[in-house]
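Read through the structure below, which is laid out as structure tokens, and then see the notes.
The values are calculated or read from the model by the stated rules, or taken from the named source; none is laboratory data. The structure displayed is predicted, hence computed values, not measured ones. Protein only, heavy atoms only, side chains kept; ligands, DNA and RNA dropped before computing areas. Shrake-Rupley method; radii C 1.70, N 1.55, O 1.52, S 1.80 Å.
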Amino acid sequence: MSRTLAIEIATKTMTVINPANRGLRMADLLEKHGFKRVQEPELDVFGDQARLVSWLRDTFKAS
């Protein structure tokens, strides 16, 4: 996953007020961009955009 796409997904995910619901938003965005669902990160990752970007890039790095 490119850095730009990871930032876009993280930014849109962070707009959800309730951190517990951010995983649903992230899953929808990932599917929209052709990525398969994976296990969500720990809830505290959804509280920090930089950590979420890092998690996305690590989880979806090119093989």
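Listed values, structure above:
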read-out	value
Exposure ranking of 35, 60 by accessible area [1.4 Å probe, largest first]	35, 60
Estimated [θ] at 222 nm from DSSP helical runs (n ≥ 4, -39500 (n - 2.57)) normalised by residues in the chain, nearest 500	-16500 deg cm²/dmol
Accessible surface, segment 18-59, averaged per residue in Å² (probe 1.4 Å)	65
Per-residue SASA entry for residue 3, accessible area with 1.4 Å probe, Å² rounded to 10	150
Segment 1-50 - percent of accessible surface contributed by carbon and sulfur, probe 1.4 Å	53
